[in-house]
């Protein structure tokens, strides 16, 4: 049974759903020379499991910082971050690595695939760090590539794939560790609108299957497809929808 | 990450930049090859020396000297005399023979009676002559003919190859075997063979205390047959003679006036005919009185040499086994090994710098990749291990190829060394060895150097901030 359906049932039963992401008064400042830049200024917000949120805002507004903090790539300066029951504020680097491996799938604008590895090997990478058996890894990676429609491109290297296909590989890689949350930073930024649309359809499909989706974008067409849109401006958050 | 994954990833990353990796490995190869060659040369020479020592039986020998304060084999072997020393007489020889684990004793004599050797009109001077029991305990490297044997009597000698060369037998030592040479003594020699005349009968009263024994002022000349040519480098004296002949050289022969009843002619009333003094030849075995220069005791097992040496010292004489002086010579090899290994070590250090450089370059190029690895769950320690592994692998392959090339070169060197040794009459084959420990050590050290060289770049890679790394262009 899908998580979404579970949630619906819980809601129908009138029970409170625990948020999968909960930020309280999160601050993050950067020092650029003499200037202090407040990337996040006492940001608080919650995300329910299975939600699809678009984080928008102008360049340098702090949206990537927010995504990185939720994704466990960056530490906030203050406040509290709880993701899927994990308190990230004081988590040590080693634990954060495991957290990213088990809970988060990242999708990047420029795909960030390893050029000398095949599609299959790229998708297997998170599973290598999860110490999964080689045979199981291959099976899982193949399954993920089939899920993104690249079951016939397993042995292809990134250079032999189109932009859209590369991003599909990246999504398959994000999926391989069976994360509950996928954080996609401008996933359609490097693609034309048709390919971008394909990727959005794919991501929405994953969301429908219960994965919580966070998309950072300044493309309003992308943002529009989200269930919630959050805008960050000068480190402050405003809920648009 | 599993060990297999580290190996697989490191291997793949090395192959990614083929030329750069090859050049870096090549630098390690140069270092590893030079270390291999230098150390195999030294271990080869050391092994050859050891085997020579073992085959010479030196390890089973204890040298005995009259001098008690002797500490090393060579000085004990050289012997020497001193007034207060316990003389190495036959009585001592018997006592040494009785020491447990001693299976034989050879007595050594050094003699200065002979002054010159002449062959075919060519006269060459001699410093000293040696003699020892030809019972197989003391052996010399024989280049032609045979060594002295126990059955040899007076008039049989061996000479060294340098003298054979001077007599014109270079390259044909066998040609001198069986030939007669002339040996001449110093003046005032009065040992065996010296023509000593009785003193001239004195007219009138003779002083008994000044009995004017006959002395031989001229050199005595012997004819001797050369039975063997010894290697100059392995000989302590040019001419070796049977020990009994040397005993003869050292036997003092002189005429002494016999005791007579003194007659006082001044009190004689009639004609006084005092009895004429008579003389007889007296021989004194000086060797029996002064003792032998040194003894070599043969021990049943080299392990017992030190113990036997201690036991012999209790007889009031000096004794030393060869282990100390052999160890001293082995130390020389060890120092040589350190120096030569150090030269190879410098090459290795340069190679290590190459590895550091390559790894830093690799990390710069792969910064984004490191960011991705961190994003999908690689720990800092995983990244560190991965790059350290990669650097170690550069060292490992450098070591493997270095040893392989070093092995090839030592094979070639052996061909030349074998020829050289064969020309010196030494039976040795492939002395420049490449023992397993050396192969493992060189590969191990190369890998370790790679690992150490990789530590700094790897720690830089591990410290990369994943967010920054992902943003790196």
Scanning the stretch A:131-152 residue by residue, the ones that are at positive phi and either at the interface with chain B (Cβ under 10 Å from one of its Cβ atoms) or assigned to a helix (DSSP H, G or I) (or both) total 1
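Every residue in the stretch A:84-113 that is on the phi > 0 side of the Ramachandran plot and either at the interface with chain B (Cβ under 7 Å from one of its Cβ atoms) or without any contact (Cβ under 8 Å) to a residue 60 or more places away in the chain (or both), please. Spell out the reasoning first.
Initial filter on the stretch A:84-113 (on the phi > 0 side of the Ramachandran plot): A:84-85, A:111-112.
If the condition is that a residue be on the phi > 0 side of the Ramachandran plot and either at the interface with chain B (Cβ under 7 Å from one of its Cβ atoms) or without any contact (Cβ under 8 Å) to a residue 60 or more places away in the chain (or both), then A:85, A:112 are the ones that fit.
When the residues of the stretch B:16-33 are narrowed to those that are at pLDDT 90 or above and within 14 Å of chain A (Cβ to nearest Cβ), which ends up surrounded by the most Cβ atoms within 10 Å (Cβ to Cβ)? Step through it out loud before you land on a result.
So the first thing to find is which residues in the stretch B:16-33 are at pLDDT 90 or above, and the list is B:18-33.
Narrowing further to those that are within 14 Å of chain A (Cβ to nearest Cβ): B:18, B:21.
Numbers: B:18: 9, B:21: 19.
Ranking the qualifying residues of the stretch B:16-33, first place goes to B:21.
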I'm told residue A:230 meets every condition in (1) surrounded by fewer than 17 Cβ atoms within 10 Å (Cβ to Cβ); (2) out of contact with any helix residue (DSSP H, G or I) (no Cβ under 8 Å at 6 or more places or on another chain) except one. Can you identify the failing condition by its number? (1)
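Specify which of the listed residues (A:101, A:94) is touching a helix residue (DSSP H, G or I) at 6+ places or on another chain (Cβ under 9 Å) and loosely packed, with under 15 Cβ neighbours inside 10 Å.
Numbers: A:101 fails: loosely packed, with under 15 Cβ neighbours inside 10 Å.
Result of the check over A:101, A:94: A:94.
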Single residue of the stretch B:372-396 satisfying the filter (farther than 11 Å from residue B:454 by Cα and either surrounded by fewer than 24 Cβ atoms within 10 Å (Cβ to Cβ) or without any contact (Cβ under 8 Å) to a residue 40 or more places away in the chain (or both)) that is farthest from the other protein chains (Cβ to nearest Cβ): B:396
Among the residues of the stretch A:74-81, are any under 21 Å from residue A:207 (Cβ atoms) and either facing chain B (nearest Cβ under 9 Å) or touching a helix residue (DSSP H, G or I) at 6+ places or on another chain (Cβ under 9 Å) (or both)? no
Of the conditions (1) more than 14 Å from every other protein chain (Cβ to nearest Cβ); (2) closer than 28 Å to residue B:8 by Cβ; (3) touching a residue at least 24 places away in the same chain (Cβ under 8 Å), the single one that residue B:407 does not satisfy is (2)
Would the stretch A:41-57 turn up any residue that is at pLDDT below 90 and out of contact with any strand residue (DSSP E or B) (no Cβ under 6 Å at 6 or more places or on another chain)? no
Matching entry among B:402, B:316 (being crowded, with 18+ Cβ neighbours inside 10 Å, under 35 Å from the mean Cα position of the chain (by Cα) and away from every other protein chain (no Cβ under 14 Å)): B:402
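Taking the options B:285, B:321, name whichever one is under 30 Å from residue B:236 (Cβ atoms), touching a residue at least 12 places away in the same chain (Cβ under 8 Å) and surrounded by fewer than 16 Cβ atoms within 10 Å (Cβ to Cβ). I'd like the intermediate steps shown before the answer.
Details: B:321 fails: surrounded by fewer than 16 Cβ atoms within 10 Å (Cβ to Cβ).
Result of the check over B:285, B:321: B:285.
Which of the residues spanning the stretch A:188-216 are assigned to a loop (DSSP other than H, G, I, E, B) and in contact with a strand residue (DSSP E or B) (Cβ under 6 Å, 6 or more places away or on another chain)?
A:211
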Residue A:116, sole failed condition from (1) modelled with pLDDT of 90 or more; (2) within 14 Å of chain B (Cβ to nearest Cβ); (3) farther than 22 Å from residue A:210 by Cβ: (1)
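Within the stretch B:222-264, can you find the residues that are under 26 Å from residue B:150 (Cβ atoms) and part of a loop (DSSP other than H, G, I, E, B)? Talk me through it step by step, then tell me what you get.
The first filter runs over the stretch B:222-264 and keeps only residues under 26 Å from residue B:150 (Cβ atoms), leaving B:222-253.
The answer is B:231, B:235, B:236, B:237, B:238, B:241, B:242, B:250.
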Please verify whether residue B:169 is at pLDDT 90 or above and under 18 Å from residue B:128 (Cβ atoms), treating the condition exactly as stated. no
Could you check the stretch B:158-177 and list, in sequence order, the residues that are within 24 Å of residue B:111 (Cβ to Cβ) and touching a residue at least 40 places away in the same chain (Cβ under 8 Å)? B:158, B:159, B:160, B:161, B:162, B:163, B:164, B:166, B:167, B:176, B:177
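Please go through the stretch B:179-193 and pick out each residue that is over 16 Å from residue B:117 (Cβ atoms) and in contact with a strand residue (DSSP E or B) (Cβ under 7 Å, 6 or more places away or on another chain). Break it down stepwise before answering.
The first filter runs over the stretch B:179-193 and keeps only residues over 16 Å from residue B:117 (Cβ atoms), leaving B:187-188, B:190-192.
Matches in the stretch B:179-193: B:190, B:191, B:192.
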Condition (residue is surrounded by 21 or more Cβ atoms within 10 Å (Cβ to Cβ) and within 14 Å of chain B (Cβ to nearest Cβ)) applied to the stretch A:11-23: is it met by at least one residue? no
How many residues are within 14 Å of chain A (Cβ to nearest Cβ) and either at pLDDT 95 or above or crowded, with 18+ Cβ neighbours inside 10 Å (or both) when one looks only at the stretch B:340-366? 2
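Is the stretch B:43-60 home to any residue that is within 14 Å of chain A (Cβ to nearest Cβ) and either crowded, with 18+ Cβ neighbours inside 10 Å or touching a helix residue (DSSP H, G or I) at 6+ places or on another chain (Cβ under 6 Å) (or both)? So that I can check it myself, show each step before the final result.
From the stretch B:43-60, those within 14 Å of chain A (Cβ to nearest Cβ) are none; that's our starting set.
Within the stretch B:43-60, none of the residues are within 14 Å of chain A (Cβ to nearest Cβ) and either crowded, with 18+ Cβ neighbours inside 10 Å or touching a helix residue (DSSP H, G or I) at 6+ places or on another chain (Cβ under 6 Å) (or both).
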I'm told residue B:396 meets every condition in (1) modelled with pLDDT under 95; (2) at negative phi; (3) over 37 Å from the mean Cα position of the chain (by Cα) except one. Can you identify the failing condition by its number? (1)
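The values are calculated or read from the model by the stated rules, or taken from the named source; none is laboratory data. The model shown is predicted, which means the values in this text are computed figures rather than measured ones. Positions of Cβ are generated from backbone atoms using ideal geometry, with glycine treated the same way; all protein chains shown enter the neighbour counts.
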